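To start, the structure itself, in structure tokens.
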Amino acid sequence: MEQPLVGDRRIVGVEAWRPWVVLALLAGYFSLFGVVIGAQGVLWAELIAALRLSKSVFGAVQLVSPLLSVVLLLMGGPLAGRFGKKRLALVSLSLLAASNLVLGQAGALLSLTGALLLAGAGNALLEMSMNGATLDCERVTGRSVMNLMHAGFSGGAVLGAFAAGLLLGQGWVYSQVLFVLVLLCGLAFLASLPVRYPPADSAGGAPSGPRATLRLLFGQRALIVLAVICVLGIVGESFANLWSVIYLHELGAAAMIGGAAFAL
């Protein structure tokens, strides 16, 4: 059987796809995800002030997004297998656009909660689709690109934080910045439509789903240790993402300073 070479578009039994086009699209996903996270990190202080929320209420309602993401991510295998990674990416971009649109128009706690639920679903679906498709690209082409993709996320977060702080410093309101994020999600959606994703790994045998994932995790001590380390890292990152700019805002720092601090 003819084997595909690195960069070759001919895959037996699968319609032609262009590896570098797919990799460019996936890099765009990672960067866009970073831009959204970075920009929102700067905007939370503005939202709290506009909605007149207490810190305790805001901190509590923020939990709905990651909790929903965890549930969906545990179902990542079955979802990707049933709907395909491209469909998940398109749905995720639509949800992220909707979440930013609702967030920009939020006038009360209920609408803020709805926006965060949309964001949680969009974040999870985008993460599982872009990471899964990147792994498929690595498997087919033989090239290791995952670290590069995640570097793009970090670069996007820096860019999003700087840009949001700069725009707020120039007199923009947070709803206008969020609308820019909506447009970026829309552009990514349109760019995704003509792109054919790489063939998914069809090798069976590995159980998938929430129960199988949890059995695998708790059945191996090394995985538990690794998971705890990852959770501690994410907790620290989340504190910085959520509260650093809010703290600086309360100290009287300008939005540009808050954005720069978040990015750095």
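Things to note:
- Gaussian network model of the chain, Cα within-10 Å springs - most flexible of Ile229, Ile48, Ile37: Ile229
- Karplus 3J(HN,Hα) series, Hz, for the range 187-200 with 6.51 cos²θ - 1.76 cosθ + 1.60 (x for Gly, Pro): 5, 5, 4, 5, 5, 6, 4, x, 8, 9, 6, x, x, 6
- Think of each Lys and Arg Cβ as +1 and each Asp and Glu Cβ as -1; about the Cα centre, that makes the dipole of the chain roughly 480 debye.
- Averaged over its residues, the chain has an accessible area of 53 Å² per residue, based on protein heavy atoms and a 1.4 Å probe.
- Dividing the summed helix terms, -39500 (n - 2.57) for each DSSP H run of n ≥ 4, by the number of residues in the chain produces a 222 nm estimate of -26500 deg cm²/dmol to the nearest 500.
- Considering only Val35, Val228, Val173, the mean-square fluctuation computed in a Gaussian network model of the chain, springs between alpha carbons under 10 angstrom, is largest for Val228.
- Compactness of the chain - radius of gyration and Dmax, Cα, Å: 19.6, 67
- With Cα atoms defining each centre, the range 217-264 and the range 61-84 are spaced 21 Å apart in the structure.
- Taking every C-alpha pair closer than 8 Å and separated by at least 6 residues, the mean separation divided by the residue count of the range 1-155 gives a relative contact order of 34 percent.
The values are calculated or read from the model by the stated rules, or taken from the named source; none is laboratory data. Predicted model only: the values in this text are computed from it and were never measured. Cβ: placed from backbone, ideal geometry, glycine included. Neighbour counts: every protein chain shown. Accessible surface areas use protein heavy atoms only, side chains included; no ligands, DNA or RNA. Shrake-Rupley method; radii C 1.70, N 1.55, O 1.52, S 1.80 Å.
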